[in-house]
Amino acid sequence: MFSDMMRKIVLFALLAISATMVMAQINPKSGFIITNSGDTIRGVIDFRTNETLSRECEFWAEGKTEGKTYKPGDIEGFRFDGNGKYFVTRKLDVDGKPQLFFAEFMVKGKMNLYCVADDSEEHFFFEREDGEMVKFTNNSLAYLSSVQEGENIMQKRKEQYGKVKYLLKDSKTAIEDMNKKGMSKKILSRKGLVNVVRNYHNDVCTDGSTCMVYEYDEKSDKSKFRFKAFTSFAYYSKEAPELLDWTIERNNQGMPSVTYSSSSFEIGVGTEMGIERIIKDGSLELGLAYSPKNRTECNIEFFGGQRRYRMEYEYKGRFVLSLGLVKPFGKGKIIPLVRGGGICVVDMGERETAYTGSQVYETAYLGTTSYSGGYLGAGVQMAVGKHFARLHADLYADLHSMIKWGITAEFVL
């Protein structure tokens, strides 16, 4: 009953912390907005996903404590510092009905290239200096409901592909580049399409001038990856009812589930991917921990205390794969953090033995077993140069019968 209650507590806490971690928090980056009269106002912009930025700009002017939300058309555009992302108001046909968007400038020059992110798709707009425009859509084929839908998308893609090549007809190099990328690729990368437009400029700019005023920097979209190593000390509590069968058969009395408790050391490695544009300072973590061979025992009695057994439980080793979120709070050298997610536990063979005195009464064997669950933890993070160290306490619970408390120290590169 205790473990059932603990598992419910963990699952409830995981839901609560998930809601807390995704609450609206700004991800401030320095930049400026461009008003419709052409003036620039410097300040801080909330750096969110490409889809969010195509629909709104949260801006705090320098010296102001209150922010303002701008929609496409309210301002001419906005840009992040450090050769960062650059968005402008444009009326574009994304889904059959022209409307205003903050379109991301991929290239600005004799051939402009814009991008609007919408759901799982990215819509690219090639605009020649004479105003002629063609759309090319990167469709995700992962969520198609039918073969016919896929065929319709590929037919539309083929038509768009031909129109783009026609718009690029003044540049043999750009057309050859598009041909190399080909229709076989499901997704054409941002970098690849920028290269096509760059080749166009190299061919049409014959007077030696620089025709490209702005070019997208792919680093502005890359997530940060970090690697980490960790070690932990864990205390396990696990129910092991494997011997119920023989007690029922031989004694006509079921033995209550046996709960074993033990401690062990773990070592592990992992990686983290920054998701600051979704959750401020948040990271998606993936870890793999290994616990070596371990053994524990306990004493039980039944038949009114007339029969006693010494129960021994042993496993050859244990792997724990974890996937979850890490969320630090605040700024400074030492800051608090919370973490939570799911786990998959793999026990590499188990053995349970019942002794009467020094004699083996019965032994039960299990092969490799696996089960899933969740974890929740809190701790602190300390900056160490460009890296940081963490110390956190965690509670793990699977959907089978395991409860684990642990203290973990990790170093993140």
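Below is a table of values for the structure above.
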{"item": "Boolean, GLY406 is at pLDDT 85 or above, in a strand (DSSP E or B) and not aromatic (Phe, Trp, Tyr)", "result": "no"}
{"item": "Selection status of LYS108, in the same structural domain as ASP93 (by TED's automatic domain parsing) and at pLDDT below 80", "result": "no"}
{"item": "Subset of region 82-98 (residues that are touching a residue at least 12 places away in the same chain (Cβ under 8 Å) and closer than 18 Å to PHE136 by Cα)", "result": "ARG90, LEU92, ASP93, VAL94, ASP95"}
{"item": "Enumeration of residues in region 68-81 that are within 14 Å of PHE32 (Cβ to Cβ) and in contact (Cβ under 8 Å) with a residue 24 or more places away in the chain", "result": "TYR70, ILE75, GLU76, GLY77, PHE78, ARG79, PHE80, ASP81"}
{"item": "Per-region count, region 329-346, residues surrounded by 20 or more Cβ atoms within 10 Å (Cβ to Cβ) and not hydrophobic (A, V, I, L, M, F, W, C)", "result": "3"}
{"item": "Tabulated pairs, region 170-188, first modelled with pLDDT of 80 or more, second of a type in the set (A, V, I, L, M) and in a helix (DSSP H, G or I), C-beta under 8 angstrom, 6+ apart or interchain", "result": "ASP170/VAL204; SER171/VAL204; ALA174/VAL196; ALA174/VAL197; ASP177/VAL196; MET178/VAL164; MET178/VAL196"}
{"item": "Residues (surrounded by fewer than 18 Cβ atoms within 10 Å (Cβ to Cβ) and β-branched (Val, Ile, Thr)) located in region 159-182", "result": "THR173"}
{"item": "PHE125 under 28 Å from GLY282 (Cα atoms), in contact with a strand residue (DSSP E or B) (Cβ under 8 Å, 6 or more places away or on another chain) and not in a loop (DSSP other than H, G, I, E, B)", "result": "no"}
{"item": "Any chance MET348 is assigned by TED's automatic domain parsing to the domain that holds LYS293, under 21 Å from SER264 (Cβ atoms) and not β-branched (Val, Ile, Thr)", "result": "yes"}
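The values are calculated or read from the model by the stated rules, or taken from the named source; none is laboratory data. If you're wondering where the values come from, they're calculated on a predicted model, not measured in any experiment. As a convention, Cβ positions derive from the backbone with ideal geometry for all residues, glycine included, and neighbour counts pool all protein chains shown.
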